[in-house]
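Asks: Have a look at the structure that comes next, please.
Derivation of every value follows stated rules applied to the coordinates shown; laboratory data play no part. The shown structure was predicted, so the numbers you read here are calculated from the model rather than taken from an experiment. Counting neighbours? That spans all protein chains shown, and the Cβs are built from the backbone with ideal geometry, glycine included.
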Amino acid sequence: MRAVFLRKEPEVLASEFCVEKVITLPAEKYTAFSQNLLRDHDFIREHADLMREKDGVWHCLLVTGEGMEEGILVESEGSAYARYSAFVPSIKELIEQYQAMQETQNTDMEMKM
């Protein structure tokens, strides 16, 4: 397992977030993405409308690689690159929450029809 370490930070500044979409890349593409966050990426551009900070909550993408337990939260502020990002060492719970949210939305849409 990996983690991001910061040097001599006076406090942990954690923000509330909501995963709007999970993007699963082939493992090698995820590795390339994680090493080039400031480059433009088509999958970020295509979902730029989902990302924003509103009322203290960061609405973001969760980008991961096939077969990987880690991921990167991305909020692009309308750009095609990861303007804001956060490394997440274990994404299992986030994926489960996202899937439950999707199921709820699908059920709500079926009930409206």
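Asks: Order these peptides, 35-44, 1-10, 68-77, 21-30, by their mean beta-carbon neighbour count within 10 angstrom, highest first.
Replies: Top to bottom by mean Cβ count within 10 Å: 68-77, 21-30, 35-44, 1-10.
Asks: Helix 92-112 versus the longest principal axis of the chain: what angle, 0 to 90°, nearest 10, using Cα atoms?
Replies: That helix lies at roughly 20 degrees to the long axis.
Asks: Considering the values (i) -0.86; (ii) -0.67; (iii) -0.79, which represents log10 I(q)/I(0) by the Debye sum over Cα atoms at q = 0.16 Å⁻¹ as calculated for the structure under consideration?
Replies: So the structure-derived entry is (iii).
Asks: Here's a follow-up. What distance in nm separates the two pseudo spin-label positions at Phe5 and Asp40, each 7 Å out from Cα along the beta-carbon direction?
Replies: Once both label points are built, they end up 3.7 nm from each other.
Asks: For the chain, what is the relative contact order in percent, using Cα pairs closer than 8 Å and at least 6 residues apart in sequence?
Replies: Relative CO of the chain lands at 27 percent.
Asks: So what is the calculated 222 nm ellipticity per residue for the chain, using -39500 (n - 2.57) for each DSSP H run with n of 4 or more, over all residues, to the nearest 500 deg cm²/dmol?
Replies: Numbers: 3 runs with 34 residues, N = 113.
Helices in the chain give a 222 nm mean residue ellipticity of -9000 deg cm²/dmol.
Asks: Of all the C-alpha pairs in the range 54-113, what % are more than 13 Å from each other?
Replies: Beyond 13 Å sits 69 percent of the P(r) for the range 54-113.
Asks: Among the DSSP beta bridges whose two residues both lie in the range 1-98, what percent are antiparallel, rounded to the nearest 5?
Replies: 55 percent
Asks: Could you give the length gained by full extension between Leu13 and Thr104, i.e. 0.36 nm per residue of separation minus their alpha carbon distance, to one decimal place?
Replies: 29.7 nm
Asks: On to the next question. Considering only the other residues whose Cβ falls under 15 Å of the Cβ of His59, what net charge follows from Lys and Arg at +1 and Asp and Glu at -1?
Replies: Here the count lands on -3.
Asks: What is the magnitude of the charge dipole of the range 4-72 about its Cα centre, with +1 placed on the Cβ of each Lys and Arg, -1 on the Cβ of each Asp and Glu, and no other charges, expressed in debye to the nearest 20?
Replies: Magnitude of the dipole: close to 200 debye.
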